[in-house]
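Enquirer: One structure, as structure tokens, below. Some questions next.
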Amino acid sequence: MRTPDIYLRSIGVHLPPVVSIETAVAEGRYPAEEKEYFRLGGAAVAGDLPAPELALRAARHAFERSGGMSPRDLDLMLYVDVWHQGPEGWLPQYYLQQHLVGGDVLSAELRQGCCGMFNALQFAAGYLRPGGTALLVGADNHGSPRVDRWRMIEGYVVGDAGCALLLTTDTGFARLLSVNVVVLPEAESVNDGGVPLFPPEATVGSQLDFATRHRAFRGRLLARDGGAGVMLAIQSTLMELVDRTLKEAGITLDEVARVAFPHGRWDNVEERASWFGLTLADTTWEYGSGVGHFGVSDQFVALDHLMAGGALAPGDYVLLIGVGAGKTLACAVVRILDIPGQYASDDLG
């Protein structure tokens, strides 16, 4: 999907303190025998700070960086998440309407798995008209009795964060050139673990263990005729998606300065990078390994980190790649137009 006249006006991030992997090992939370192989540094842990408050702080940060935009000027707000946000029957986007943007803004919650922010970009790009503005907010706090952030996914640790993108149709520090999301329905059951669809699992209080579920899914695939083809389809579909997105952006992979994959295990990122002739050094893995997998906002927090660290310059292209349940695959290309002066002195919120 080409996205003419869609700009990133600012990014806001609220990142809680990082708990180091050494601390997690010392406390018996992370397997000591996995520390050396997976090379993870830690995870941002929000404690008892609710996810909607992470979102609110990130959104305020985005407006502080926007050069004078007002929350009252918004035409659209999309709240993106993967995990429970608060009381059942309560909707988190209205928390931001109460405390920031007011009640006249069209607002909706999107729960599209770890590619949710890419879906939000597509929705916003299709909705905004000339002069329009949108706020996309992603936030999760995974600190729940049902989740063990240190062991839930093999080779990953799960972090907490709030991230906000302000989009405009006129100007910004970066231009969104293209964004695409596709689904492989044949891999829909990757995260279901064979659990019955009713009653909903969240209502019965069972522990969430994606590591076991992913192993079971792979086992089921390999046990049936043609099952391995699903795994190959993930690779080929992602490669085709990246190729299409780059073509829509009018560039080649050789012109891309950095690539942001989901934060996760180095061997997984290295394998996916190798499909495109890239190495870990071309990606944002090193940063992501130190803060954890945030769910919906890895690539966008990493983009902000690249900006803050001086790793990008005007004219640079950044490729953002998403992989999530569904099986969902996503890709976007942004071009850096300017390095706002705040990045010389601003931190990550």
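The values are calculated or read from the model by the stated rules, or taken from the named source; none is laboratory data. What you see is a predicted model; the values in this text were computed from it and never measured. All Cβ positions, even for glycine, are placed from backbone atoms using ideal geometry, and neighbour counts span all protein chains on display. Please note that ligands, DNA and RNA were not included when accessible areas were found on the heavy atoms of the full protein model with its side chains. Shrake-Rupley method; radii C 1.70, N 1.55, O 1.52, S 1.80 Å.
Enquirer: List every residue whose amide H lies under 5 Å from the amide H of D140, counting only residues 5 or more places away in sequence or on a different chain, with H placed 1.01 Å from N in the peptide plane.
Expert: Amide H neighbours of D140, under 5 Å, 5+ apart: A161.
Enquirer: Now, a different point. Rounded, prolate or oblate, given the Cα gyration tensor of the chain, with a/c below 1.5 counting as rounded?
Expert: Details: a/c = 1.40, a/b = 1.22, b/c = 1.15.
It comes out rounded by the Cα gyration axes.
Enquirer: Per residue, what volume in Å³ does the convex hull of the Cα atoms of the stretch 30-147 enclose? Present the calculation step by step, with values, prior to reporting the outcome.
Expert: Details: hull volume 16.9 nm³, N = 118.
With only Cα atoms used, the stretch 30-147 gives 143 Å³ per residue.
Enquirer: Here's something else I'd like to know. With no solvent and one equal point scatterer per Cα, compute the Debye intensity ratio I(q)/I(0) for the stretch 103-169 at 0.21, 0.24, 0.29 Å⁻¹ and report its log10, rounded to two decimals.
Expert: Computed log10 I(q)/I(0) values: -0.93, -1.10, -1.38.
Enquirer: Continuing with this model, one more query. If one puts a single equal scatterer on every Cα of the stretch 1-86 and applies the Debye formula without solvent, what log₁₀ I(q)/I(0) results at q = 0.20, 0.24 Å⁻¹?
Expert: Log10 I(q)/I(0), no solvent term: -1.01, -1.19.
Enquirer: On to the next question. Ranked by accessible surface with a 1.4 Å probe, highest first, in what order do K35, K247 come? Please list the in-between numbers first.
Expert: Numbers: K35 75, K247 135 Å².
From most accessible down to least: K247, K35.
Enquirer: Only Lys, Arg, Asp and Glu count, each charged at its Cβ (+1, +1, -1, -1), so figure out the dipole size of the chain about its Cα centre, rounded to 20 debye. Mind showing how you got there, number by number?
Expert: Numbers: 27 positive and 42 negative charges, 82 e Å.
Once rounded to the nearest 20, the dipole reads 400 debye.
Enquirer: Restricted to Cα positions, what overall size does the stretch 234-349 have along the principal axes? Three whole-Å values, descending.
Expert: Principal-axis extents of the Cα atoms in the stretch 234-349, largest first: 41, 32, 24 Å.
Enquirer: Okay, next question. Scan around Y30 for amide H atoms under 5 Å from its own, H built in the peptide plane at 1.01 Å from N, and keep only partners 5 or more places away or cross-chain.
Expert: V25
Enquirer: Taking the Cα atoms of the stretch 263-329, report the difference between the largest and smallest coordinate on each principal axis, in whole Å and largest first.
Expert: Projected onto the principal axes, the Cα atoms of the stretch 263-329 cover 34, 26, 21 Å.
Enquirer: Hey, rough spin-label estimate for Q98 and E154, points 7 angstrom out along Cα→Cβ, what's it come to in nanometres?
Expert: Result: 4.3 nm between the two label points.
Enquirer: Can you pull the one-decimal nm distance between simple spin-label points at V18 and D73, each 7 Å off the Cα toward Cβ?
Expert: Calculated label separation equals 3.4 nm.
Enquirer: Using 0.36 nm times the number of residues separating L337 and R111, minus their current alpha carbon distance, what extension gain do you get? Kindly include the intermediate steps, with their values, before the conclusion.
Expert: Details: separation 226, 0.36 × 226 = 81.36 nm, distance 3.06 nm.
Going from the current span to full extension adds 78.3 nm.
Enquirer: Quick one: with all protein chains in place, what share of the accessible area of the chain is carbon or sulfur, to the nearest percent (1.4 Å probe)? Kindly include the intermediate steps, with their values, before the conclusion.
Expert: Working: 7500 of 14560 Å².
In the chain, the share of accessible area belonging to carbon and sulfur is 52 percent.
Enquirer: Can you work out the Karplus-derived ³J(HN,Hα) for every residue in the stretch 111-117? Use 6.51 cos²θ - 1.76 cosθ + 1.60 with θ = phi - 60°, whole Hz, and x for glycine or proline.
Expert: Using θ = phi - 60°, the values come out as 10, 10, x, 6, 9, x, 5 Hz.
Enquirer: Return the loop-located trypsin sites (Lys or Arg not before Pro) in the stretch 115-175 (DSSP other than H, G, I, E, B) with at most 16 other Cβ atoms within 10 Å of their own Cβ; answer none if there are none.
Expert: Numbers: sites: R146, R149, R151, R175; in loops: R146, R149, R151.
Filter output for the stretch 115-175: R146.
Enquirer: Can you give me the C-alpha center-to-center distance between the stretch 20-50 and the stretch 51-89, rounded to a whole angstrom?
Expert: 28 Å
Enquirer: Top mean-square fluctuation among D148, D48, D243, Gaussian network model of the chain, C-alpha springs under 10 Å?
Expert: In this elastic network of the chain, the residue with the biggest mean-square fluctuation among D148, D48, D243 is D48.
Enquirer: Follow-up question, since we're still on this one. Only loop residues by DSSP count here, and only those with at most 11 other Cβ atoms within 10 Å; note down the GluC sites (Glu not before Pro) in the stretch 1-83 that meet that.
Expert: Filter output for the stretch 1-83: E27.
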